[in-house]
Amino acid sequence: MDLGLSGKRAAVAAASGGLGFASAAALAADGAQVVICGRDRGRIDDAAARIGNGCIGLVQDVADAAGGAAFVAAATEALGGLDIVVANGGGPQAGNFASTPVDAYDTALDLNLMSVVGMAKAAVPAMQAQKWGRFVAITSLSVRQPMANLILSNTARAGVTGFLKTVALEVAADGVTVNTVQPGLHATDRVRQLYGDVQPGGRIGDPGDFGAVVAFVCSQQANYVTGLQLHVDGGTFGGLQ
């Protein structure tokens, strides 16, 4: 299916590996011009080469609002504008209520909330002006179903979900959609670090399949899909909504 992404200009944060890489690869495969970022020059250059289709790799840490905004600015300059932003970032340290110090929350909120706020503030107004845009954040299933020993991620990602739901309502009339995609467990380095090679339920997600979902949310066909929190988890979430 043609997703209407050919020639669209996309920025995907933290995309040297994992779900960011998979999302960037899916967008490029559907014809988008893609800029990605990561903290390591070697890894980001390798990722850009594997994605192909002229993908541009930038060295940028998106661990806070300033870093997120700087990435959007650099990607905008590289492509002459942006139509799509996929906000993504690494997960904060593991821990529970008892083991997590108060000052760790500031770092986690910068990483998984304020970085997205920075990207949105830098990207969405220009999308409104051009009357077309897609802003998608990769968050976590923990927004719906908090995960044990991940109290920082549970807290920060719930906040960004509320923020983007609010933005979605404010910019819908301008042709800009704002959504979050919430992964369960996929075969990424982050999941291996947290859980080893264990596959709860005997099944783990393919990052490539997740990337294809992100590309669809960015598509022309999804122009009436906004304010969505889409969980991609192989049926792990136990609720009815």
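The values are calculated or read from the model by the stated rules, or taken from the named source; none is laboratory data. Bear in mind that the values here come from a model prediction, so they are computed numbers and not experimental data. Backbone-built Cβ (ideal geometry, glycine too); neighbour counts: all protein chains shown.
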* Of residues in region 65-91 being within 12 Å of Ile36 (Cα to Cα) and more than 17 Å from the chain's Cα centre (by Cα), the one surrounded by the fewest Cβ atoms within 10 Å (Cβ to Cβ) -> Ala78
* **Selected residue [closer than 24 Å to Thr107 by Cα and either within 16 Å of the chain's Cα centre (by Cα) or aliphatic (A, V, I, L, M) (or both)] from Ala47, Ala28, Ala13** => Ala13
* Structure fact -> Residue hits (region 1-21; surrounded by 22 or more Cβ atoms within 10 Å (Cβ to Cβ) and among the hydroxyl-bearing types (Ser, Thr, Tyr)) are Ser16
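Look through region 128-171, keep the residues that are in a helix (DSSP H, G or I) and touching a Lys or Arg at 6+ places or on another chain (Cβ under 8 Å), and return whichever of them is nearest to Tyr224 (Cα to Cα).
Step one: list which residues in region 128-171 are in a helix (DSSP H, G or I), which gives 128-130, 141-143, 151-171.
Cutting the leftovers down to touching a Lys or Arg at 6+ places or on another chain (Cβ under 8 Å) gives us 142-143.
Working: Ser142: 26, Val143: 23 Å.
The selected residue is Val143.
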* Asked: For Asn154, all conditions in the list (1) closer than 15 Å to Ser23 by Cβ; (2) at pLDDT 90 or above hold save one; what is the number of the exception?
  -> (1)
* Asked: Ala122 fails exactly one of the following numbered conditions: (1) in a helix (DSSP H, G or I); (2) closer than 15 Å to Ala168 by Cβ; (3) not hydroxyl-bearing (Ser, Thr, Tyr). What is the number of that condition?
  -> (2)
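Of the residues that sit in region 94-112 and are touching a Ser or Thr at 6+ places or on another chain (Cβ under 9 Å) and surrounded by 16 or more Cβ atoms within 10 Å (Cβ to Cβ), which one is modelled with the lowest pLDDT? Show your work before the answer.
First, pick out the residues of region 94-112 that are touching a Ser or Thr at 6+ places or on another chain (Cβ under 9 Å): 94, 105, 108-109, 112.
Then drop every residue that is not surrounded by 16 or more Cβ atoms within 10 Å (Cβ to Cβ), which leaves 94, 108-109, 112.
Numbers: Ala94: 91, Ala108: 97, Leu109: 98, Asn112: 96.
Ranking the candidates gives Ala94 first.
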